[in-house]
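The values are calculated or read from the model by the stated rules, or taken from the named source; none is laboratory data. All values reported here derive from a predicted model rather than from experimental measurement. Every residue, glycine among them, receives a Cβ derived from its backbone with ideal geometry; neighbour counts consider all protein chains shown. Accessible surface is based on the protein model in full, side chains and every heavy atom, while ligands, DNA and RNA are left aside. Shrake-Rupley method; radii C 1.70, N 1.55, O 1.52, S 1.80 Å.
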Amino acid sequence: MKRSLFGRLWPNVTAVVLFIGLVFPVYWMFATAFKPTGDIISEDPVWFPTDVTFDHFKTATEADHFWTYVSNSLIVTVCAVVFSLIIALAGSFALARMRFKGRRGFIVGFMLAQMAPWEVMVIAIYMIVRDASMLNSLVPLTLFYMMMILPFTILTLRGFVAAVPRELEESAMVDGCTRVQAFRRVILPLLAPGLMSTSMFGFITAWNELPLVLVVNKEAESQTLPLWLTSFQTVFGDDWGATMAASSLFAIPILILFVYLQRKAVSGLTAGAVKG
């Protein structure tokens, strides 16, 4: 009986420990953002902020070009995710449903592209952008971010398309739908979980990217939020309060997107199983 109790207890204890280990850094970031500077630099850690202040958020949002960085990050990230989803929908359907010469080679190529560290191509990317006279522009960032997340998106959606029974598509075509209409009305709603997960991955990847924008875009008007996070340094050292406030603001869009897409994924899955 003791062994049975231990067998039921240790997975729960392990899960709680892992949860605390993963959540605590996020809590500390948000808590530090609301602490007065004295509590932040105190030798005795202040676990729960008592004197809440918003001065660090004011410092962060009043930094030079803050709203420019926000708009640039949103434009580049959203466009990269949307374009990659549009291309991946067609590519994943072709790889899952059609049989053509070189199909396996395409799949292996996507896997290799996903495995390869794209950072080794930064110099080559810089030379291409420079020769095209497109430095300090958002267009190259959008295109390269799209290519970064496209292999994962295609491979993931291919699995979701392959899991949809062919009979559903064939039944819709028997009822008078074209192949495109059958895909839009039958398959696409059932791909909601895959679309949500790939959108989340693509958004996080593009939202957090730093090395490429650091090399390609030198002017503040064309830079993004990851570079903005490195600006809270003074001659006296790091401004940790402003840094944590900036990091909290940087993380909020991802949290909002996660909550929204999680709800949509469930509703899309159930809606796709209902005829009409």
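Quick look at the numbers
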read-out: Cα-centred dipole magnitude for the chain, charges only on beta-carbon of K, R (+1) and D, E (-1), debye, nearest 20; value: 2000 debye
read-out: Average accessible surface area per residue within the chain, 1.4 Å rolling probe, Å²; value: 61 Å²
read-out: Helix 103-115 axis, angle to the chain major axis (alpha carbon atoms, nearest 10°); value: 0 degrees
read-out: Theoretical gain in end-to-end length, LEU74 to THR14 [0.36 nm per residue, Cα-Cα removed]; value: 17.8 nm
read-out: Mean Cβ neighbour count within 10 Å, used as a protection proxy, ranking 176-188, 10-22 highest first; value: 176-188, 10-22
read-out: Heavy atoms of TYR27 accessible to a 1.4 Å probe, total area in Å² rounded to 10; value: 80 Å²
read-out: Anisotropy class of region 119-165 from Cα gyration tensor, a/c 1.5 cut; value: prolate
read-out: Solvent exposure, largest accessible area first (probe 1.4 Å, DNA, RNA and ligands not counted), of THR32, THR205; value: THR205, THR32
read-out: With at most 16 other Cβ atoms within 10 Å, longest stretch of the chain clear of loop GluC sites (Glu not before Pro) (DSSP); value: 63-218
read-out: Helix 122-131 vs. the chain, principal-axis angle (Cα, 0 to 90°, nearest 10); value: 80 degrees
read-out: Cβ-based charge dipole, region 1-124, positive-most Cα from PHE66, GLN114, ALA94; value: ALA94
read-out: Cα-based shape type of region 1-108, given that a ≥ b ≥ c are square roots of the gyration tensor eigenvalues and the cut on a/c is 1.5; value: oblate
read-out: Rounded, prolate or oblate (a/c below 1.5 giving rounded, otherwise prolate when a/b exceeds b/c) for the chain by Cα gyration tensor; value: oblate
read-out: For the chain, calculated [θ]222 nm from helices alone, where every DSSP H run of n ≥ 4 adds -39500 (n - 2.57); value: -23500 deg cm²/dmol
read-out: Relative contact order %, the chain, counting alpha carbon pairs below 8 Å whose residues are six or more apart; value: 30 percent
read-out: Apportionment of accessible area to carbon and sulfur, the chain, percent (1.4 Å); value: 70 percent
read-out: GNM result for the chain, Cα springs below 10 Å: residue of THR243, THR198, THR61 fluctuating most strongly; value: THR61
